[in-house]
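K.L.:
Quick one: structure below, then a few questions.
What follows is calculated from the coordinates using simple rules that are stated; it is not laboratory data. All figures in this text were calculated on a predicted structure; none of them were measured in a lab. A quick note on method: Cβ atoms are made from the backbone with ideal geometry, for glycine too, and the neighbour counts reach across all protein chains shown.
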């Protein structure tokens, strides 16, 4: 009897409809309570856990990839790179004659000389100075701390070397010295009727290489001027000079080589400072484009200070004069101005009387008393 019931049960189950079978399978898989534990254990052990296990592996693999890529956004090497040099393009030639080249990507005068040297296959140390919009040795067109964005650059390179001896018969030699921004001091002006004016071999634009056997390359122009001023009266001074190479059109009478004033030149309107946009070069930091023209009182004050520098130090330095004017604009009295000058320009060793003369020139320019 029990055997018949078991077989009957088995027979009756086998005749169930497909729908009943699906329902039975659904119930057994959902609730996990079949009548025979041995039969039902097989699908629970083999089928259901595997999808779960795979799902957990997939989930863990999905979470592991983003965590491995998290450090990537923090790595930004491009932000640490220094800013690229500005891409202003300027055209240039050698003053004695050459094809036209172009230079770009410089931030100061030293870099400009290296760029010019690369264009013309020269050494940067061969360049004495540059003039703007003229191939002549015109000290009024000397390239200093700023360049007009449409200026044409002429590079004057080192030419014949010469040795000249001068007897210092008075305290002042009559020389005005400047530098090229790259360690070369040269003669910017010769005072008429002075000791140097009587020496035909010394000309405006000559680079001073040595004084009495002492090299002065790399020494600032005010130190060279101080060295000449400190030499005792009656001593003979031996100059080692290098003159710029001159083209055929640049060779003329000695008076012409001493530098015509730009006011008499038909190209004077092209000179820097005529109100056009200029690129101001700095010894530190990137260059800055300036479009605002300095006010009239600032121009007059800078010219007067440049004259004071020539009388006191024997140098011409328009950039220094402009810097002193700019420094004064943030100060209200001569005492604060003197302290600021002593701190920032300690190398010049300006005496207090000279600093107060500078302040006086600035004050007179502001009030309109300086004509």
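K.L.:
So for 364, 352, fewest C-beta neighbours within 10 Å to most, what's the order?
P.N.:
352, 364
K.L.:
Cα centroid distance between segment 161-183 and segment 332-371, in Å?
P.N.:
One Cα centre to the other: 27 Å.
K.L.:
Hey, can you rank 96-109, 133-146 by average C-beta count inside 10 Å, highest first?
P.N.:
Answer by packing, highest mean first, reads 133-146, 96-109.
K.L.:
Just to verify a number: FRET efficiency for residue 88 and residue 197, C-beta to C-beta distance, R0 = 51 Å, to 0.05?
P.N.:
About 0.80, to the nearest 0.05.
K.L.:
Counting other beta carbons within 10 Å of each Cβ, put 167, 365 in order, fewest first.
P.N.:
167, 365
K.L.:
Would you order 245, 204, 233 from fewest to most other beta-carbon atoms within 10 Å of each residue's own beta-carbon?
P.N.:
Going from sparsest to densest Cβ surroundings: 233, 245, 204.
K.L.:
Quote the FRET efficiency, to the nearest 0.05, computed for residue 161 versus residue 319 with a Förster distance R0 of 25 Å and r equal to the Cβ-Cβ distance.
P.N.:
About 0.30, to the nearest 0.05.
K.L.:
Using the alpha carbons of segment 290-359, what is the convex hull volume per residue in cubic angstrom, as a whole number?
P.N.:
Output value, Cα hull per residue: 92 Å³.
K.L.:
Stretch residue 223-residue 150 to full length: gain in nm at 0.36 nm per residue minus the Cα-Cα span?
P.N.:
So the chain would gain 22.9 nm between residue 223 and residue 150.
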